[in-house]
1. Sort out which residues of region 81-131 are within 14 Å of ligand 2 (Cβ to nearest atom), over 30 Å from Pro40 (Cβ atoms) and either of a type outside the set (Phe, Trp, Tyr) or touching a helix residue (DSSP H, G or I) at 6+ places or on another chain (Cβ under 6 Å) (or both), and write them in order of number.
2. It is to be established whether one or more residues within region 104-115 are of a type in the set (Val, Ile, Thr) and at pLDDT 95 or above.
3. Name the residue that is farthest from ligand 1 (Cβ to nearest atom), counting only residues in region 48-79 that are among the β-branched types (Val, Ile, Thr) and without any contact (Cβ under 8 Å) to a residue 40 or more places away in the chain.
4. Of all residues in region 96-121, how many are touching a residue at least 60 places away in the same chain (Cβ under 8 Å) and not β-branched (Val, Ile, Thr)?
5. Of everything in region 88-131, what is more than 14 Å from Cys73 (Cα to Cα) and in contact with a Ser or Thr (Cβ under 7 Å, 6 or more places away or on another chain)? Give them in sequence order.
6. For the subset of region 10-51 comprising residues that are modelled with pLDDT of 75 or more, within 19 Å of the chain's Cα centre (by Cα) and of a type outside the set (Gly, Ala, Ser), which member is farthest from ligand 2 (Cβ to nearest atom)?
7. Suppose we keep only residues that are part of a strand (DSSP E or B) and near ligand 2 (Cβ under 9 Å from one of its atoms) within region 52-76. Which one would you say is modelled with the lowest pLDDT?
8. Taking region 94-118 only, how many residues are assigned to a loop (DSSP other than H, G, I, E, B) and crowded, with 17+ Cβ neighbours inside 10 Å?
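The values are calculated or read from the model by the stated rules, or taken from the named source; none is laboratory data. Just so it is clear, the model here is predicted, and its values are computed rather than measured. Glycine gets a Cβ as well: all are built from the backbone with ideal geometry, and neighbour counts include every protein chain shown.
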Amino acid sequence: MGVMIELIKGLRVTGKTMWRTITGQEMVTTRYPDERRHKPQRFHGRHVLNRYPDGMEKCIGCELCAGVCPAQCIYVRGMDNDVENPTSPGERFGFVYEINMLRCIFCGLCVEACPTEAITMTQLFEMSTTNRQDAIYTKETLLMERDGSVPHMFPDDPLVDLDELDSADGWVRATAPSGVAAYEGMQMWQGTPGPGDWSPEPTQEEIDRAESEDDSG
Ligand code: SF4
Ligand code: SF4
């Protein structure tokens, strides 16, 4: 008798799953790629190397991201900036920058380690390739365009549609730059990459000031 009850319970689960499948409930892949699920802001997708709104590269070639990467999949080589025509503010810039996406575990530690917010992660996740070499993203693939859009992976890449990148938030921060717990998850210092205008975000000092004015008011 007990066995029969367990069998009926099991068949109920099977029946429910079959019904959901037939009616398309909770199926997330059936309409892909025509329809894509909304990604949470902190989604860990493919990386992007950011620029300042004036077009300067944020990477200063410090190699901290490469040092912290547990999968050892980042290779950076810095170079001194040309004094007359610098690539980044400061002394050096990332001359060579590569990420081996086959090794990456999308932990986001490189984002956390970067002192200039040069490397961030987007909501883009379509990264299939037909050979291993294409899975090594070079600076050319990673560096955002001057209009703030994320570059295509390959020429004629059909999967990365620039129109969709409005929702591709390049910002992933798990901790505040200053380490103050109250600022956990807050975006600071500069706008989110993506096409269009990037409004500068308030600095931590400005946020502090606004909060103290609110408290006193
Ligand atoms: S997300 Fe993690 S594994 Fe991937 S490159 Fe960054 S630190 Fe390395
Ligand atoms: S991405 Fe950031 S951590 Fe990595 S080399 Fe450039 S500035 Fe340094």
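1. Matches in region 81-131: Asn81, Thr87, Ser88, Pro89, Gly90, Glu91, Arg92, Val96.
2. yes
3. The residue in question is Val76.
4. Here is the first cut: in region 96-121, the residues touching a residue at least 60 places away in the same chain (Cβ under 8 Å) are 106-108, 110-112, 117-121.
Next, from what is left, pick out any that are not β-branched (Val, Ile, Thr): 106-108, 110, 112, 117-118, 121.
Of the residues in region 96-121, 8 are touching a residue at least 60 places away in the same chain (Cβ under 8 Å) and not β-branched (Val, Ile, Thr).
5. Phe93, Glu112, Gln123
6. Step by step, filter region 10-51, then rank; the result is Phe43.
7. Top of the filtered list is Glu57.
8. Residues in region 94-118 being assigned to a loop (DSSP other than H, G, I, E, B) and crowded, with 17+ Cβ neighbours inside 10 Å: 7 in total.
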